[in-house]
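The values are calculated or read from the model by the stated rules, or taken from the named source; none is laboratory data. Since the structure is predicted, the reported quantities are computational estimates derived from the model, not experimental observations. Cβ placement follows ideal geometry from the backbone for every residue including glycine, while neighbour counts extend to all protein chains displayed.
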Amino acid sequence: HSNKLNYTLTPEGHHAKLTGLEGAKAPAINKTWLEVETQYLVIQLSETLQVGKIYWLYMEFQGELANDLRGFYRSEYFEDGVKKVVATTQMEPTDARKAFPCFDEPAMKAVFHMTLIHPSGTVALSNGMEMGKNQNVLQTKFKPTLKMSTYLVAFVVSEYSSIRTAVRIWARRTAIEAGHGDYALSITGRILDFFQSYYNSKYPLPKSDQIALRDFDAGAMENWGLITYRETSLLYDPITSSNKDKEWVSTTIAHELAHMWFGNLVTMKWWNDLWLNEGFATYVSYLGVDDVQPTWNIKDLMVMTETHKAFAFDSNKFSHPLSLPEEEVKTPAQINALFNTITYSKGGAVLRMLSEFLSEPVFARGLSAYLKQFAYGNTVYTDLWGKLQEVQVNLPATISEIMNRWILQMGFPVVTIDTRTGNITQNHFLSDADSKPSRSSPYNYEWFVPISWMKNGTVMDRYWLLEKNATHDPLKTNSEWVLANVNVSGFYRVNYDPQNWQRLLSQLSTDHSVIPVLSRAQIVDDAFNLAKANMINMSLALRTLSYLSEEREYLPWQSAIKHLNTFINRFRHTEVNTKMQVCLLQIIDNTHRLLFKFQNLGLNAISLACTAGVEDCLDLTKMWYRQWMKNPDKNPIKHSMRSTVYCNGIAAGGSEEWEFAWNLYKKSVDDAEAELLIYILSCTRKPELLNRYLNYMLDPNMVQKKHVNYVIRHVANNVVGQPLAWDFIRANWSNILKEQKHASFFTILYFTTKSFSTEVELKKLELFKEEINKAGFGTEALVVDESITITKENMEWMQKNKGEVMQWLKEELA
Ligand code: BES
Ligand code: ZN
């Protein structure tokens, strides 16, 4: 493989020289050429190479050190007013070939011998440990790597400082001096230890470098021995960062360290099994963080951050199976498209389910055996099933039979329990009840479902649903409540007969503590999603919220707030809005003091309180913002509350408040701060400021390229900003398509139009599509189609639900 490299040709006009080693005779080269389309350098020989012989292939080439975030690239930052350059790499999935010619496939593992020649005053890092420098030319040589895939190769040349131990944290000198690497250092070694014992496998390298980069495309990258991070994923400033930031840094470090085994030591054979890498790292990252931060309850949070996200994506008819056939994943574009919610979140959630029904110790034992057998090699998912099969106990079917149903077909079931008869049924859950899955399934969209359940608070024996319909007598009752999928240990939703729903609701309002916290959050989430799919009435879903004024736990509130926000957003342009506000005030006012307390734990409830117009909330945020303006260096606002407070401060204020934040953005050097400012700038209610902001978006001297997507997305989320963002897109779309390579047209259009729900808005979209089509942008016109579909769905939703919502509001307010 070779991409964007310029070769110095040999005297014969070839791209490479071939010689034989240890007595091997090298065939002559007939012809060499570059295949741009497939990114190959082809070397045609006069005879075939001999198996078992060693050959030496020599190439001289140059590449551009561009600021393009791919392969070997350039990143810049300012320190003490001086511009500094970092030369760094990002190879995964298919850009090692842009740094050097190589066999760029995960299964073609090799040992890499690295030497870097670099300017004086810089340090060079790579996967292996440095082993001596030649000071005359400043050349750093590295220990040979372990046997590994090309996508894990990394090298960085910088003027960075580090905190030095076997685990090293590297960053801009000023960041290290300010102590921003200290938190990472305090947990990295401990998480590494945790994984060594969890996997029962030693970390095979003498060092682990973590390096923070200003310009970085992903959040972090697990290069073996030299993990690269976006600054916000590694650096933590106790003064300016929030608890959410701390959580993100912890999860990211744990995720990448998890890859040292799952991904680096044992690698998927081909990208179609990327979920093995990423789903795994996602799942075990929560175990790693839990080990170093046991008070955070991070394992429960996983259900909200991964399982729910996966449910949302995977209930769409266009979803895809976790593991795709190899033929469907060939080109770099197809490979890149797999870094998505299914691979990460569903992958993580399905592995959590597997670990739950095997029990964590059994699961870990199987993993350890798997890692031992396949170390330094490549695998397909059946290898993992095979190893787990050897340690499993007491399952109604083989691991393959159970798990293949979860990874080879898309989607997940909704299990319906009828307590009147003890009947239990499964159906493929689709959020749009009328849609049909876009592909067929080898298992006919049926699953082997592990059903953990309880009856009136007592945990019952697990039941396995192995057919579409079954009867399980213990489920039959007319007086007790039945709750299934306790703690969301399985990847599915649950529906009940109306009587059982009623009994669950009564239990919630009399004594909700009998139902586990995660299940309380899940009842709310299932109910709203079932209602959305037309399987229960919206009024039933809304009634799951009635007990909330008594709820003191974080997770159920988080679940509820998500759905409440949908309602607020849907109705914000209609007459229902006022009533909704009053009702919200009623549910929230009792608890809002408490919610302020939650906010410290990271719950985004203060914004709901402000949205609902809780007076205290509005007054406080206004006052705090003014205080901050008066004294920008001494900030009285708690970190975790900053984004909400600033946003509301700007919303309540005028151009002075806005100008203040804009100037801070222009001066900002810190990524986290810049992202926060980009958000709060969108919160103003003044159209002239919003328009100015939108126009800045097209000017890279005003808004940095990497923030462009955020600007439009945030502005469109603002009630006043949404129509402006739409007008802006209609006026500037050709410009956006031409200039903003960084901003995807899809994202921009999606965020701007996702709340469209009227006939007029639909017409506008159709006209827009025509215009784009006429100008010859067929692909982009297809993107508009997505928005049209969403608008139609929203219109249907409104029509269907408005009446019921009004009815519920009337009852709650009575
Ligand atoms: N292997 C990925 C990085 C990556 C992502 C490479 C996309 C190429 C394309 C890394 O392990 C990863 O998953 N990073 C996440 C952060 C993580 C905490 C979920 C990311 O970059 O978002
Ligand atoms: Zn990953």
Taking the stretch 54-90, which residues are within 31 Å of the chain's Cα centre (by Cα), buried (at least 17 other Cβ atoms within 10 Å of the Cβ) and among the aliphatic types (A, V, I, L, M)?
Leu69, Val86, Ala87
Taking the stretch 167-183 as the search range and keeping residues that are of a type in the set (Val, Ile, Thr) and in a helix (DSSP H, G or I), which one is farthest from Leu226 (Cα to Cα)?
Thr174
Condition first: more than 29 Å from Leu564 (Cβ to Cβ) and loosely packed, with under 14 Cβ neighbours inside 10 Å. Can you find one or more residues in the stretch 783-805 that meet it?
yes
Tell me which of these Gln50 doesn't satisfy, since it passes every other one: (1) part of a loop (DSSP other than H, G, I, E, B); (2) at pLDDT 95 or above; (3) polar (S, T, N, Q).
(2)
Do any residues in the stretch 448-460 that are surrounded by fewer than 17 Cβ atoms within 10 Å (Cβ to Cβ) have Cβ atoms under 7 Å from those of residues that are at pLDDT 95 or above and part of a loop (DSSP other than H, G, I, E, B), where the two are at least six apart or on different chains, and which pairs are they?
Lys455/Thr477; Lys455/Glu480; Asn456/Glu480; Asn456/Trp481
Restricting attention to the stretch 489-502, does a residue exist that is touching a helix residue (DSSP H, G or I) at 6+ places or on another chain (Cβ under 6 Å) and modelled with pLDDT under 95?
no
Looking for something acidic (Asp, Glu) and touching a Ser or Thr at 6+ places or on another chain (Cβ under 7 Å) - is there at least one such residue anywhere in the stretch 57-76?
yes
So, Gln722, is that one surrounded by 17 or more Cβ atoms within 10 Å (Cβ to Cβ), at pLDDT below 85, among the polar types (S, T, N, Q) and under 30 Å from Leu677 (Cα atoms) or not?
no
Exclusive hit being within 14 Å of ligand 1 (Cβ to nearest atom) and either aromatic (Phe, Trp, Tyr) or buried (at least 23 other Cβ atoms within 10 Å of the Cβ) (or both), set Leu235, Leu213:
Leu213
When you check Asp300 against the structure, is it closer than 28 Å to Tyr198 by Cα, more than 15 Å from the chain's Cα centre (by Cα) and away from ligand 1 (no atom under 16 Å from the Cβ), yes or no?
yes
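Let's see how each residue does on (1) within 16 Å of ligand 1 (Cβ to nearest atom); (2) touching a residue at least 12 places away in the same chain (Cβ under 8 Å); (3) in contact with a Cys (Cβ under 9 Å, 6 or more places away or on another chain); (4) within 29 Å of Pro101 (Cα to Cα):
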| site | (1), (2), (3), (4) |
| --- | --- |
| Leu146 | no, yes, no, yes |
| Ser149 | yes, yes, no, yes |
| Arg190 | no, yes, no, no |
| Arg230 | yes, yes, no, yes |
Looking at (1) in contact with a strand residue (DSSP E or B) (Cβ under 9 Å, 6 or more places away or on another chain); (2) among the polar types (S, T, N, Q); (3) outside any helix (DSSP H, G or I), which one does Asn534 not meet, given that it meets all the others?
(1)
Thr94 being surrounded by 11 or more Cβ atoms within 10 Å (Cβ to Cβ), over 20 Å from Leu116 (Cβ atoms), under 30 Å from the mean Cα position of the chain (by Cα) and within 16 Å of ligand 1 (Cβ to nearest atom):
yes
If you take the residues in the stretch 314-362 that are of a type in the set (Gly, Ala, Ser) and within 16 Å of ligand 1 (Cβ to nearest atom), which one is nearest to Asn200 (Cα to Cα)?
Gly348
Restricting to the stretch 271-297, name every residue that is within 12 Å of ligand 1 (Cβ to nearest atom) and of a type in the set (Ser, Thr, Tyr).
Thr282, Tyr283, Ser285, Tyr286
Thr779 is checked against (1) surrounded by fewer than 14 Cβ atoms within 10 Å (Cβ to Cβ); (2) more than 25 Å from Asp217 (Cβ to Cβ); (3) within 27 Å of the chain's Cα centre (by Cα) and fails just one. What number does that condition carry?
(2)
Could you please give the count of residues in the stretch 71-89 that are out of contact with any strand residue (DSSP E or B) (no Cβ under 6 Å at 6 or more places or on another chain), in contact (Cβ under 8 Å) with a residue 40 or more places away in the chain and either part of a loop (DSSP other than H, G, I, E, B) or within 16 Å of ligand 1 (Cβ to nearest atom) (or both)?
3
Could you tell me whether Val249 is more than 10 Å from ligand 1 (Cβ to nearest atom) and touching a residue at least 24 places away in the same chain (Cβ under 8 Å)?
no
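Condition check ((1) modelled with pLDDT of 95 or more; (2) surrounded by 16 or more Cβ atoms within 10 Å (Cβ to Cβ); (3) closer than 14 Å to Leu276 by Cβ) across all residues:
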| site | (1), (2), (3) |
| --- | --- |
| Asp314 | yes, yes, no |
| Gln334 | no, no, no |
| Gly348 | yes, yes, yes |
| Ser355 | yes, yes, no |
With the condition being more than 30 Å from Glu327 (Cα to Cα), more than 13 Å from ligand 2 (Cβ to nearest atom) and charged (D, E, K, R), I'd like the helices (runs of 4 or more DSSP H) fully within the stretch 186-303 carrying at least 2 qualifying residues.
243-259, 274-292, 298-302
Name the helices (runs of 4 or more DSSP H) wholly inside the stretch 723-814 in which the number of residues that are more than 24 Å from Leu698 (Cα to Cα) is 1 or more.
759-774, 778-813
Conditions (1) within 29 Å of Ala220 (Cβ to Cβ); (2) of a type in the set (A, V, I, L, M); (3) not in a loop (DSSP other than H, G, I, E, B): number failed by Leu41
(1)
Which of the residues spanning the stretch 252-270 are within 12 Å of ligand 1 (Cβ to nearest atom) and of a type in the set (A, V, I, L, M, F, W, C)?
Ile253, Ala254, Leu257, Ala258, Met260, Phe262, Met268
Could you list all residues from the stretch 625-659 that are of a type in the set (Lys, Arg), closer than 22 Å to Lys244 by Cα and assigned to a helix (DSSP H, G or I)?
Arg642
How many residues, within the stretch 513-526, are part of a helix (DSSP H, G or I), free of Cβ contacts under 8 Å to residues at least 60 places away in the same chain and either within 14 Å of Tyr554 (Cα to Cα) or in contact with a His (Cβ under 9 Å, 6 or more places away or on another chain) (or both)?
4
Without any contact (Cβ under 8 Å) to a residue 60 or more places away in the chain and of a type in the set (Asp, Glu): is that true of Glu35 in this structure?
yes
Which one of Asn695, Asn663, Asn691 is of a type in the set (S, T, N, Q) and either surrounded by 21 or more Cβ atoms within 10 Å (Cβ to Cβ) or under 17 Å from Val719 (Cα atoms) (or both)?
Asn691
